[in-house]
1. Go through the residues of segment 159-174 one by one and say whether even a single one is touching a residue at least 24 places away in the same chain (Cβ under 8 Å), crowded, with 19+ Cβ neighbours inside 10 Å, touching a Gly at 6+ places or on another chain (Cβ under 7 Å) and not charged (D, E, K, R).
2. Is there a residue in segment 142-154 that is open to solvent by 30 Å² or more (accessible area, probe 1.4 Å), of a type outside the set (Ser, Thr, Tyr), more than 23 Å from ASP55 (Cα to Cα) and out of contact with any helix residue (DSSP H, G or I) (no Cβ under 7 Å at 6 or more places or on another chain)?
3. Output the qualifying pairs, or none if there are none: Cβ atoms under 7 angstrom, residues six or more apart or on different chains, first residue in segment 85-106 and assigned to a strand (DSSP E or B), second residue charged (D, E, K, R).
4. Considering (1) farther than 25 Å from ALA10 by Cβ; (2) crowded, with 22+ Cβ neighbours inside 10 Å, say which one PHE126 fails and leave the rest.
5. Does segment 107-121 include one or more residues that are aromatic (Phe, Trp, Tyr) and either in a strand (DSSP E or B) or open to solvent by 10 Å² or more (accessible area, probe 1.4 Å) (or both)?
6. Taking segment 160-180, which residues are over 20 Å from THR98 (Cβ atoms) and under 18 Å from the mean Cα position of the chain (by Cα)?
7. Select from segment 8-34 the residues that are within 14 Å of CYS77 (Cβ to Cβ) and touching a Ser or Thr at 6+ places or on another chain (Cβ under 9 Å) and write down the one among them that is surrounded by the most Cβ atoms within 10 Å (Cβ to Cβ).
8. Can you tell me which of (1) closer than 24 Å to GLY148 by Cβ; (2) under 13 Å from the mean Cα position of the chain (by Cα) is the one ALA64 doesn't meet?
Amino acid sequence: MLSGMNSGHAKLAEWGFKHLPAIQPAEVVDLGCGAGRNAGEMLKMFKDAHVTAIDYSPLSVEKAKAYNRAMIDAGRCTVQQGDVSSLELPEGSYDLATAFETVYFWPGLEQCFSQTAGILKPGGYFLICNESDGEDPEGKKFESIIDGMRCYTAEEVKTALLEAGFTKIRTAHHRSKPWITVLARK
């Protein structure tokens, strides 16, 4: 599954990145980094940024480290194991947090979003990008197959973000696919 993540989610990620405002963050965190492609893309997009990539899975951490080895060696990237429900990252340190194809598996959105809010600087952004809008048949099928998976609607994500203290929340839905992005500001 990890082997196909980087290529399989590339088009979704490219679409999601288009929803970011024109920012030049110094510190970025990719929560649920999988095999590391999106962290690598942000290192290219934000030439002066340091990117921290976090994943719960030790195997994902290993793959993400291999994918981003050159940037790790250059001091621009850190990849580490972590749990979004209890982030061990410095408070108020990040300008941008991202979550691509991962909130489906987070244990309690409000708790995890509160953790994310805690590590963002005031005015920092949080971009969530999902392939399922919580209503599409394929997303529902995967929910029934994968233990612990839950596909959320943009409205459900927005509600949890508001409860976690985020403001200025924008949602977008792809014009022909069930893809959604939710962009929130702390």
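1. No, every residue in segment 159-174 fails to be touching a residue at least 24 places away in the same chain (Cβ under 8 Å), crowded, with 19+ Cβ neighbours inside 10 Å, touching a Gly at 6+ places or on another chain (Cβ under 7 Å) and not charged (D, E, K, R).
2. no
3. TYR94/GLU27; TYR94/LYS121; ASP95/GLU27; ASP95/LYS121; THR98/ASP30
4. For PHE126, the failing item is (1).
5. Looking for residues that are aromatic (Phe, Trp, Tyr) and either in a strand (DSSP E or B) or open to solvent by 10 Å² or more (accessible area, probe 1.4 Å) (or both), one finds none in segment 107-121, hence no.
6. none
7. CYS33
8. If we test ALA64 against (1) closer than 24 Å to GLY148 by Cβ; (2) under 13 Å from the mean Cα position of the chain (by Cα), just (2) comes out false.
The values are calculated or read from the model by the stated rules, or taken from the named source; none is laboratory data. All values reported here derive from a predicted model rather than from experimental measurement. As a convention, Cβ positions derive from the backbone with ideal geometry for all residues, glycine included, and neighbour counts pool all protein chains shown. The area values use the complete protein model at the heavy-atom level, side chains included, leaving out ligands, DNA and RNA. Shrake-Rupley method; radii C 1.70, N 1.55, O 1.52, S 1.80 Å.
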